[in-house]
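Enquirer: Input: one structure, supplied below.
The values are calculated or read from the model by the stated rules, or taken from the named source; none is laboratory data. A quick note: this is a predicted structure, and the numbers were derived from the prediction, not measured. Here the Cβ is made from the backbone with ideal geometry for all residues, glycine too, and neighbour counts use every protein chain on show. Calculation scope for accessible area: heavy atoms of the full protein, side chains included, ligands and nucleic acids excluded. Shrake-Rupley method; radii C 1.70, N 1.55, O 1.52, S 1.80 Å.
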Amino acid sequence: MELHQHICPRNCYDTCSIVSTTRKGVLISVEGNPNHEYTLGKLCPKALDDVKKVYSPQRIRYPMRQRSRYSGFWERISWDEALTLIAEKILDLKEQYGTALPIALNKYSGNFGILHNAVDGLFTGIGATTRAIGSPCWSAGVDAQTLDFGTFFCSDPLDMAKAKLIWLWGVNPAWTATHQMPIIFDAIDQGAKVVCLDTHFSATAARSHQFVQVRPGTDGLLALGIAKILLEENLIDPKLSNYTLGHEEFIHYLETEISLDQCSQITGVPISTLRELAVEYGQTHPACIWAGFGLQRYTNGGQTLRAIDALGALAGHLGEQGGGVQYAQFETWRFSKALQNPPKPLKQIDRLININKFSEEALNCTNPPVKMLWISGRNPLSQDGNLHLWKKLIKQLDLIVVSDLFHSASSEVADLFLPVTTHYEHWDINAGYWHYWVGVNEPAILPLGECRSDLQIAWDVSSQLNKLVPGSCSFPTSGKEKDTLLRELGPEMLAILSLEKPEAILKGPVRAKFPRTAWENRNFSTPSGRFEFFSIQAANANLPPLPVFVPPLKPSSAALLRLLTPHHYSTINSQGYSLDAPITDFILHLAPELAQRYDLVAGDRAQIWNECGHLDVVIHPEFGISTDLVIIYQEGVRNNSPLNRLLGTPLTDMGHLSLGAPGFALNETFVNLRKQ
Ligand SMILES: Nc1nc2c(c(=O)[nH]1)N[C@H]1C(S)=C(S)[C@@H](COP(=O)(O)OP(=O)(O)OC[C@H]3O[C@@H](n4cnc5c(=O)[nH]c(N)nc54)[C@H](O)[C@@H]3O)O[C@H]1N2
Ligand SMILES: Nc1nc2c(c(=O)[nH]1)N[C@H]1C(S)=C(S)[C@@H](COP(=O)(O)OP(=O)(O)OC[C@H]3O[C@@H](n4cnc5c(=O)[nH]c(N)nc54)[C@H](O)[C@@H]3O)O[C@H]1N2
Ligand code: SF4
Ligand SMILES: [Mo]
């Protein structure tokens, strides 16, 4: 029996430390690492399913070619054939157009391991190509915190246990960050009160002392209303002028522009509740707000987070141990990026297109057009909006390559499928975006069938290109995974992790040696060094310099109900359990009164539709949802029938500053409902 260490590579707050057991080269179990301060020996059911997933009969083990797109007729080919097809197409396109710009990459978070960035490095080695930039997750909030604090950084989430008041605001950790729940329960044991502010009674609301129901996209106004009451009740930090910029302007805005009546009317929160929330927040120390990604998936998402940050600052909670405004952090990701960004000629400039509008922007690229697409660690035909434009884009492409573990909605349109290894079959290194831990993945078993790691595939493509035309790709043609991993720990990462040598990371996960409390000395990284209520940077980006309320989009007579499609406990976006029981019915959660209005009862079949498409649903009336809202969770795996056929691509107000492109305002989706 042998033990190996791993880090769960999913796009998940928890980034868990895993210990696997093998017997005679076979993976027999995976468990949470008991010696990891955050994971504490526990894994969520999604990772506990990994053994079954690794050996699943549905796993693709050989390179495959689809006879014609959507046909489902896949035939096994050799790696040599697959690599030759890819390399020849790249060389053809470069010759035909005199540039590599027709070759596009769409990659995101199927696996967040740093060595998966090899495909970025490969593309740089080919020349100037077309790349997806930005993020569907968190862009508006990241920019908001960058404007306010100078960068986005959060306190060690373990310290949430020290809070006396916790507001879980637009975040659903009971499903999306399950390892944080025991820490919240510790705080409760020590006398903390937990309030959940959500659009509906979520699994997290069920575990909180109080649930505050907020109308979608109005949280910014809620924060400003509460801030106004703090002012009236004289509960603002008397030391504000020592460490903030523009508090007078912000206070003036609250005094002159914010009306509590209007705030209550628009947010749906009674004035008595606003007062109760404000007084508790102003009087309790430490008080922690955890603002989640859910509340910023709106056209006003950045303003919302800026208003919440401002509320935290006004009450004097920033820099307080166990308190503050938590969102996420990226400080543990200061890898050398030797793999992702290899040296390139100065003149080589990629064509960058927003990942959240990929199909539309790729179609708009005409000079030269996009002709080849590589999809890696992504399932855009399930997860993006404007799927009809994806269908159009596919028609103009000569070659679509998907590298994945399983077939997906996106492989249905692919010409080539490159089978990849799991994190039990390759080396990798991963960092959290919530806690401060960094650790490695060791191969516990040999690759299944002919699966190769994304890194190995990048080396192999480069090797084939150079075989056909020497010098045609500057990315390395071979290497050692472990050495590549160690090179990612450059001087900056070694300093952050307090390691003398990169090899020290191989002993086990390491916590970055950051101070436990974000902004503990109230020295901020903004241009002024202060918390900026008033931001010149925002003004320079044509945004309001103060956090102000901008209303979200409104329903129209063409689509009356807002549709939310939040993350579900059973999947990580489109990645489900062992895929042996695909779910076919979409469940529409709605208020009993709304169901009644449409003459619908539990179990009835109905249809929702809008200008993008329609979807058959099964009715599930539920208390705790307002009558202007319907909800379908990202539940189950459905290749043929993606939920996102109802989504367009509205964008958030912020995201450009830090991530190069605005985020996905996917909660600004509206539909109609009819009985079937
Ligand atoms: N189990 C599981 N875990 C996951 C994921 C998954 O798919 N499944 N996905 C991972 C990824 S990629 C991400 S980005 C994170 C996201 O995780 P979270 O940050 O928790 O974000 P969401 O799940 O999008 O939304 C959180 C809550 O916000 C609510 N919400 C929506 N609109 C509003 C609003 O206007 N105001 C308020 N107050 N609340 C609102 C939603 O209904 C939901 O209950 O989770 C990660 N973890
Ligand atoms: N309706 C709706 N749409 C959404 C969201 C929502 O809440 N509602 N959330 C949005 C958000 S926040 C996000 S982050 C995106 C996520 O969307 P995507 O970035 O597409 O992420 P996933 O669906 O997690 O995974 C994509 C693919 O990566 C594959 N994969 C896993 N491991 C590996 C690997 O090691 N190598 C390779 N090559 N592939 C691998 C998986 O099998 C899967 O097919 O979806 C967005 N879309
Ligand atoms: S999906 Fe998230 S909670 Fe589950 S094991 Fe992976 S990192 Fe941990
Ligand atoms: Mo995400």
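Enquirer: Find out how many positive minus negative residues lie around E255, taking Lys and Arg as positive, Asp and Glu as negative, among other residues whose Cβ is under 13 Å from that of E255.
Expert: -3
Enquirer: In whole percent, how big is the carbon plus sulfur part of the accessible area of segment 197-271, probe 1.4 Å, protein atoms only?
Expert: Reported share for carbon and sulfur atoms: 46 percent.
Enquirer: Please express the Cα-Cα pair-distance distribution P(r) of segment 163-292 as a list of whole percents, one per 10 Å bin, running from 0 to the bin with the greatest distance.
Expert: Spelled out bin by bin, segment 163-292 gives 12, 41, 34, 13, 0 percent.
Enquirer: Using the alpha-carbon atoms, what tilt in degrees (0 to 90, nearest 10) does helix 247-257 show relative to the longest principal axis of the chain?
Expert: 70
Enquirer: Restricting things to alpha carbons, find the Rg to Rh ratio for segment 313-436 using the Kirkwood radius for Rh. Each step should come with its number before you reach the end.
Expert: Numbers: Rg = 19.6 Å, Rh = 18.2 Å.
A ratio of 1.08.
Enquirer: So how much slack lies between N242 and S478, counting 0.36 nm per residue of separation and subtracting their Cα-Cα distance, in nm?
Expert: Difference between extended and current length: 79.4 nm.
Enquirer: May I ask what percent, to the nearest 5, of DSSP beta bridges between residues of the chain are antiparallel?
Expert: Roughly 45 percent of the DSSP beta bridges within the chain come out antiparallel.
Enquirer: Normalise the Cα radius of gyration of segment 295-350 by 2.2 N^0.38 Å (N = residues in it) and let me know the number.
Expert: In units of the globular-protein estimate, segment 295-350 measures up at 1.79.
Enquirer: Pull up the DSSP beta bridges for segment 561-649 and report the antiparallel fraction as a percent, rounded to 5.
Expert: In segment 561-649, approximately 50 percent of DSSP beta bridges are antiparallel ones.
Enquirer: Projected onto the charge dipole of the chain (+1 at Lys/Arg Cβ, -1 at Asp/Glu Cβ, origin at the Cα centre), which of L274, S382, T22 gives the Cα projection farthest towards the positive end?
Expert: After comparing all options, I get T22.
Enquirer: Would you mind computing Rg(Cα) / (2.2 N^0.38 Å) for segment 561-649, counting N as its residues?
Expert: 1.08
Enquirer: Along the charge dipole of the chain, pointing to its positive end and built from +1/-1 on Cβ of Lys, Arg, Asp and Glu, which listed residue (Y62, L295, H252) has its Cα farthest out?
Expert: Positive-most Cα among the choices belongs to Y62.
Enquirer: Can you tell me the orientation of helix 219-232 relative to the chain, as the angle in degrees between its alpha-carbon axis and the longest Cα principal axis, to the nearest 10?
Expert: 30
Enquirer: In addition: In what sequence, highest mean first, do 305-311, 413-419, 632-638 appear when ranked by Cβ atoms within 10 angstrom? It would help to have the intermediate numbers written out before the result.
Expert: Working: 305-311: 29.0, 413-419: 24.1, 632-638: 19.6.
Descending mean neighbour count gives 305-311, 413-419, 632-638.
Enquirer: To continue, here is another question. Could you work out how much longer the chain between K392 and A539 gets when fully extended? Use 0.36 nm per residue separation minus the Cα distance between them, nm to one decimal.
Expert: 49.2 nm
Enquirer: So, one more: Over segment 505-585, what percent of the accessible surface lies on carbon and sulfur atoms, probe 1.4 Å?
Expert: Ligands and nucleic acids excluded, carbon and sulfur give 57 percent.
Enquirer: For Cα pairs less than 8 Å apart in space and 6+ apart in sequence, what is the mean separation divided by the residue count of the chain, i.e. the relative contact order in percent? Write out the running numbers ahead of the final one.
Expert: Values: 1566 pairs, mean separation 146.0, N = 676.
Relative contact order for the chain comes out at 22 percent.
Enquirer: Please work out the C-alpha center-to-center distance from segment 78-147 to segment 519-556 and express it in whole Å.
Expert: Here the two parts' Cα centres lie 32 Å apart.
Enquirer: Of the listed peptides 265-278, 649-662, what is their order by residue-averaged count of other C-beta atoms within 10 Å, with the highest listed first?
Expert: Result, highest mean Cβ count within 10 Å first: 649-662, 265-278.
Enquirer: To continue, here is another question. Send over a whole-number figure in Å² for the accessible area per residue of the chain, probe 1.4 Å. Working shown, then result.
Expert: Values: 25190 Å² over 676 residues.
Roughly 37 Å² per residue, with all protein chains present.
Enquirer: Check the straight Cα-Cα distances from K42 and name the lysines below 24 Å, setting aside those fewer than 8 residues away within the same chain.
Expert: The qualifying lysines are K52, K53, K162, K507, K513.
Enquirer: Please list, by residue number, every one of the trypsin sites (Lys or Arg not before Pro) in segment 53-94 that is coil in DSSP and has at most 13 other beta-carbon atoms within 10 Å.
Expert: R67
Enquirer: Restricting the count to DSSP beta bridges whose residues both fall in segment 387-472, what percent are antiparallel, rounded to a multiple of 5?
Expert: Counting DSSP beta bridges with both partners in segment 387-472, the antiparallel share is about 45 percent.
Enquirer: Rg/Rh for the chain to two decimals, with Rh computed the Kirkwood way over all alpha-carbon pairs.
Expert: With Rh from the inverse mean 1/r over Cα pairs, Rg/Rh is 0.96.
Enquirer: Okay, moving on. Cα centroid distance between segment 194-259 and segment 583-640, in Å?
Expert: 32
Enquirer: A follow-up question, please. Determine which lysines satisfy two conditions relative to K164: a Cα distance under 22 Å, and not lying fewer than 8 residues away in the same chain.
Expert: K193, K239
Enquirer: Let me ask something else. Starting from segment 481-517, pick out the GluC sites (Glu not before Pro) whose DSSP state is loop and whose Cβ has at most 15 other Cβ atoms within 10 Å.
Expert: The qualifying sites are E500.
Enquirer: Taking K357 as the anchor, which aspartates and glutamates have their alpha carbon closer than 18 Å to its alpha carbon, excluding any fewer than eight residues away along the same chain?
Expert: Here the aspartates and glutamates satisfying the reach criterion relative to K357 are D384, E611, D653, E668.
Enquirer: Hey, another quick one. Ignoring everything but the protein chains, give the 1.4 Å probe accessible area of S570 in square angstrom, nearest 10.
Expert: Approximately 20 Å² for this residue.
Enquirer: Order I619, I236 by their accessible area, 1.4 angstrom probe, all chains in place, largest first.
Expert: So, going from the largest accessible area down, we get I236, I619.
Enquirer: Could you pull out the trypsin sites (Lys or Arg not before Pro) across segment 342-405 that fall in loop regions by DSSP (anything but H, G, I, E, B) with no more than 11 other Cβ atoms inside 10 Å?
Expert: The qualifying sites are K347.
Enquirer: Counting only protein heavy atoms and a 1.4 Å probe, tell me what percentage of segment 69-196's accessible area is made up of carbon and sulfur.
Expert: Accessible surface attributable to carbon and sulfur in segment 69-196 totals 54 percent.
Enquirer: Starting from the Cα of N35, move 7 Å in the Cα-to-Cβ direction to define the label point; list residues of segment 494-526 whose amide nitrogen is under 15 Å from there.
Expert: Counting only backbone N, you get 504-511.
Enquirer: Right, another one. Rounded, prolate or oblate: which one fits segment 229-304, using the alpha carbon gyration tensor with axes a ≥ b ≥ c (rounded when a/c is under 1.5, else prolate when a/b beats b/c, else oblate)?
Expert: Taking the square roots of the gyration eigenvalues as a ≥ b ≥ c, segment 229-304 is rounded.
Enquirer: Under a Cβ-only charge scheme (Lys and Arg +1, Asp and Glu -1), can you give me the dipole magnitude of the chain about the Cα centre, in debye to the nearest 20?
Expert: Computed charge dipole of the chain: roughly 1380 debye.
Enquirer: Sticking with this one: Here is the link list: K107/K480; K94/K347; K347/K395; K107/K371. Which ones come out longer than 21 Å on Cα distance?
Expert: Exceeds cut-off: K107/K480; K347/K395.
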